[in-house]
1. Please report the accessible area of E63 (heavy atoms, 1.4 Å probe, ligands and nucleic acids excluded) in Å², nearest 10.
2. Accessible surface of R56 in the full protein assembly, 1.4 angstrom probe, to the nearest 10 Å²?
3. Would you please give the residues with an amide H less than 5 Å from that of G73, counting only those at least 5 places away or on a separate chain, with H modeled from the backbone geometry?
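The values are calculated or read from the model by the stated rules, or taken from the named source; none is laboratory data. Model, not experiment: these values are computed from the prediction. These accessible areas exclude ligands, DNA and RNA; they are computed on the full protein's heavy atoms, side chains included. Shrake-Rupley method; radii C 1.70, N 1.55, O 1.52, S 1.80 Å.
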Amino acid sequence: MKDLLLGIDQNVDRAIKQAETVLNLFESDNIHVYLLHDFGENPEGASVVQVSSVKRAKELFEEANVPVDLREGSGDPAESIIQHAEELDADAICIAGRKRSPAGKMLFGSVSQSVILNADRPVLTCSAPHELE
């Protein structure tokens with residue numbers, strides 16, 4: 001059984017693409033999926049079960065009979081993804097990259113880049129088609 005951690009942001013299309021990618025690459029009866037949403041700051045006390053993108057990805061995995069657990073964090077998303085992957089001893093991480101201009105990456109940083117460079121396990125990246133932010 002492979003344990004996979006998916007770092008899910010608020011974009012539903014990216015979450016769907018992540019779920020579809022995992023389901024296409026791994027046999028559904030041989031994976032356990034953890035969906036992680038990091039809130040950054042969360043003064044309202046929102047819960048991961050309220051996030052539309054997480055709910056949609058969870059539905060896709062449940063339809064494929066894949067065991068799925070929800071996780072949430074707050075703070076730096078890249079650090080949260082890496083920390084949760086270590087705690088769960090995940091076999092791989094799946095993140096959704098955003099298509100940004102080189103200047104956009106320099107100015108705002110990149111969660112994907114940070115996870116790829118700092119994780120001690122395989123990182124699978126995917127993005128929704130035709131996306132540009």
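1. 130 Å²
2. Rounded to the nearest 10, that gives 80 Å².
3. Close amide H contacts, sequence-distant or interchain: H37, D38, F39.
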